[in-house]
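Novice: One structure, as structure tokens, below. Some questions next.
The values are calculated or read from the model by the stated rules, or taken from the named source; none is laboratory data. All values reported here derive from a predicted model rather than from experimental measurement. We place every Cβ from the backbone using ideal geometry, glycine too, and count neighbours over all the protein chains shown. Just so you know, the surface numbers come from the protein's heavy atoms only, side chains and all, with ligands and any DNA or RNA stripped out. Shrake-Rupley method; radii C 1.70, N 1.55, O 1.52, S 1.80 Å.
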Amino acid sequence: MPTMIPDPPEPTKPEIDQLRASAIQKIEAGGPFDPQDVKRIRTDDKWIRRFLMHHDNDQKLSLDMVMATLKWRHENQCNAITKESVPQDFFEKGALFPHNRDKDGCKMLLFQVRKHQKGTLDMNQLKRFFIYWLERLEREEKGEWITVFFDMCDTGMKNMDMEFIQYMINLFQNYYPWILNYIIVFEMPWLLNAMWKIIKSWLPPKSVQKIKFVDRKSISEFVTSDQCLTTWGGTDAYEYSFEPEMMSSSPSSGTVPNGDIGENRKVHFAEGSAPSSPLRGKTVAKRNPSSGGVYVDIDPAEELVFSSCRIGVTSSIFLTNPSANPLAIKIKTTSPEKYRVKPSVGVLEAEGQLEVGVTVGEQLAPSALVRDKFLVMATPAPNTDISSQEVSQLFKTVGKDDLFEARLRVGVAAEDSSSTASASATPTSTMPPELLSKLDQLLLRQTVIEEQLRSARRLAFLLLAILVAVLFYLVMATNNMTSTLLLHSSTLHKAGRTGHGEEL
């Protein structure tokens, strides 16, 4: 049976009120903080309680965590993260998703490590993707515990992303209080033992107790058979497909601040629908309007810059319709096989704004991107309720006088500036360079050992096959020799009897 970890004493109402009062005093002394988070501090006893439980009712440590959490949430815009703001291929890959529950009834967040390959995805977007799932589970589970399940089946060195795992641990330790039930590690290859020892060193002692290593025989201690996938030895034949978040009420705000947009929703944007848009208060270069007077404000005005060339990195085009009439929008590129543009067509309402996400879909050299261009087209729309197919058809029939066109070239920022920006945007603990170097050496040595073991196994099978063949040959040769001797002996015996008869 699982080892029970004793909970700290339950905070009293006066202790909760004391922490709230201290937090509000610091909030009023200066920010900035997200208004939704501030409202939650003022009204949500359950959230305040979790900070106290996380630090064994220590008021000072709990207050420090509250303020650090509020600052971090504002810097990372946690309440604004939606499915649409994360590259869609992250969801299509199926490496990280919630499914089923453990024996304690806690929702499990599954990380199928074999489907993740370190270094192939933009790390900032990957972190945003993880925050999306944590925020969604916070809403769906109403702040109850969750279990993180590392499915290590068929995992190799290329799948173990220490930077991402360290980031995950950092969030649970510093910004999502009292939310972890267990970290279950299933079927971990023995070659990765050293890496998990490093991971354990990042955790406080009481959190280390939450890590459970299981295999097919012992997983039943934590997850019942009907909640286990068939690949774990269970009965659930689940095949991953993304399930949109159900729009439900939030106790603290009355609405879901960043729930998923339904798939059947029209792509159009009303005025003021993006209160935090970077366009506000920003000077944007205006293009020349079409002969019919159609034009759109575009940011960036001339060059769409990506922070790197890695798969999954995303940049945005912000469009503003300054006119009093809706506009149909369509975006094309000279290399559609390299990029995913969402939305590529839609309707922009009068005086409305639209953010278009452009994601790199291939691992390419900078020289392969900077030759590309994007074409932004706009034309008057009859209304705001036309479908994407109708928008596409509209651009096939529109005249040149009513067609606005603007071209953007593609640029790639320097890698070091990108790394600096991401480091300042996400305050998280990092390993010293010496440790990273030693870890890389360790991974390289383990990779060599793994290859040597595979070669040794192949050689052992070959030797075994040769040994079996030799034994088979010896057995057959011995049988043949025995048969020959017996036959010869029988012949001599008959010949002797015949000679003896003639003498008589």
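Novice: Which cross-chain or sequence-distant (5 or more) residues have an amide H under 5 Å from the amide H of residue 181, H modelled 1.01 Å from N in plane?
Specialist: Close amide H contacts, sequence-distant or interchain: 146, 147, 148.
Novice: Now a separate question. How many angstrom separate the Cα center of segment 291-346 from the Cα center of segment 87-133?
Specialist: 28
Novice: Could you give the radius of gyration (one decimal) and Dmax (whole number) of the Cα atoms in segment 310-393, in Å?
Specialist: 14.1, 43
Novice: Across segment 183-196, in residue order, what do the Karplus-derived ³J(HN,Hα) couplings come to in whole Hz, using 6.51 cos²θ - 1.76 cosθ + 1.60 with θ = phi - 60° and x for Gly and Pro?
Specialist: Rounded to whole hertz, the list is 10, 9, 10, 9, 6, 6, x, 5, 5, 9, 4, 4, 5, 6.
Novice: Work out how much length residue 316 to residue 225 would gain on full extension: take 0.36 nm times their residue separation and subtract the Cα-Cα distance, in nm to one decimal. The partial results should precede the final answer.
Specialist: Values: separation 91, 0.36 × 91 = 32.76 nm, distance 4.48 nm.
In short, 28.3 nm is gained.
Novice: To the nearest 20 debye, what is the magnitude of the charge dipole of segment 63-172 about its Cα centre, counting +1 on the Cβ of each Lys and Arg and -1 on the Cβ of each Asp and Glu? Please report the intermediate quantities before stating the final value.
Specialist: Working: 16 positive and 17 negative charges, 18 e Å.
Approximately 80 debye in magnitude.
Novice: What is the list of residues in segment 317-345 whose amide nitrogen lies under 18 Å from a point 7 angstrom out from the Cα of residue 383, following Cα to Cβ?
Specialist: 325-329
Novice: Along Cα→Cβ, 7 Å out, is where each label goes; now give me the distance between the ones at residue 60 and residue 216 in nm to one decimal.
Specialist: 5.3
Novice: List residues of segment 327-341, by number, whose backbone nitrogen lies under 20 Å from a label position 7 Å along Cα→C-beta of residue 397.
Specialist: 327-331
Novice: In what order, largest first, do 164, 33 sit by accessible area if the probe radius is 1.4 Å?
Specialist: 33, 164
Novice: What residues of segment 329-348 lie in the reach of a label at residue 375, counting those whose backbone N is under 14 Å from a point 7 Å from the Cα along Cα→Cβ?
Specialist: 330-336
Novice: Give the residue list of GluC sites (Glu not before Pro) in segment 68-173 that are DSSP loop and have at most 16 other beta-carbon atoms within 10 angstrom.
Specialist: 141, 144
Novice: For segment 21-60, what is the per residue volume of the convex hull drawn over the alpha-carbon atoms, in cubic angstrom? Write out the running numbers ahead of the final one.
Specialist: Numbers: hull volume 2.9 nm³, N = 40.
So the per-residue Cα hull volume is 73 Å³.
Novice: Tell me the label-point distance for the pair residue 362, residue 452, using the 7 Å Cα-to-Cβ offset, in nm and rounded to one decimal.
Specialist: In this crude label model, residue 362 to residue 452 measures out at 4.0 nm.
Novice: Counting only protein heavy atoms and using a 1.4 Å probe, what share of the accessible area of segment 4-115 belongs to carbon plus sulfur, as a whole percent?
Specialist: 52
Novice: Let me ask something else. Which ³J(HN,Hα) values, rounded to whole Hz and listed in residue order, are derived for segment 61-69 from phi using the Karplus coefficients 6.51, -1.76 and 1.60 in 6.51 cos²θ - 1.76 cosθ + 1.60 with θ = phi - 60°, glycine and proline given as x?
Specialist: 5, 5, 5, 4, 5, 4, 5, 5, 5
Novice: Sticking with this one: Just to verify a number: FRET efficiency for residue 301 and residue 464, C-beta to C-beta distance, R0 = 60 Å, to 0.05?
Specialist: FRET efficiency, residue 301 to residue 464: 0.30.
Novice: Taking the Cβ-Cβ separation of residue 46 and residue 235 as r and a Förster radius of 30 Å, what is the calculated FRET efficiency to the nearest 0.05?
Specialist: Efficiency for this residue pair is about 0.30.
Novice: I'd like the FRET efficiency for residue 163 and residue 490, computed as 1/(1 + (r/R0)^6) with the beta carbon distance as r and R0 of 60 Å, rounded to 0.05.
Specialist: So, using R0 = 60 Å, E works out to roughly 0.15.
Novice: Compute the semi-axes of the equivalent ellipsoid of segment 56-155, taking the square root of 5 times each eigenvalue of the Cα gyration tensor, and list them largest first in whole Å.
Specialist: In descending order the semi-axes read 25, 19, 13 Å.
Novice: With Cβ to Cβ distances under 12 Å as the rule, what net charge do the other residues near residue 94 carry (K, R +1; D, E -1)?
Specialist: Here the count lands on -2.
Novice: Send over the per residue convex hull volume for segment 307-348, Cα only, as a whole number of Å³.
Specialist: Value for segment 307-348: 81 Å³ per residue.
Novice: Would you tell me the accessible area of residue 455, worked out with a 1.4 angstrom probe on the heavy atoms of the protein chains, in Å² to the nearest 10?
Specialist: 50
Novice: If ligands, DNA and RNA are left out, what is the accessible area of residue 307 with a 1.4 Å probe, given in Å² to the nearest 10?
Specialist: Per-residue accessible area (residue 307): approximately 40 Å².
Novice: Looking at segment 13-104 from every direction and averaging, what is the projected area of its Cα convex hull in nm²?
Specialist: Its average projected convex-hull area is 8.1 nm².
Novice: Computed from the mean reciprocal separation of all distinct C-alpha pairs, what Kirkwood hydrodynamic radius does segment 183-251 have, in Å?
Specialist: For segment 183-251, the Kirkwood estimate is 14.8 Å.
Novice: Once the mean 1/r over all distinct Cα pairs of segment 122-169 is inverted, what Kirkwood radius in angstroms do you read off?
Specialist: Working: mean 1/r = 0.0806 Å⁻¹.
Taking the inverse mean of 1/r over all distinct Cα pairs, segment 122-169 comes out at 12.4 Å.
Novice: Now, a different point. May I ask for the Kirkwood hydrodynamic radius of segment 95-147, worked out over all distinct Cα pairs and given in angstroms to one decimal? Please report the intermediate quantities before stating the final value.
Specialist: On the way: mean 1/r = 0.0828 Å⁻¹.
One decimal place: 12.1 Å for the Kirkwood radius.
Novice: To the nearest 10 Å², what's residue 488's accessible area with a 1.4 Å probe?
Specialist: Here the accessible area works out near 110 Å².
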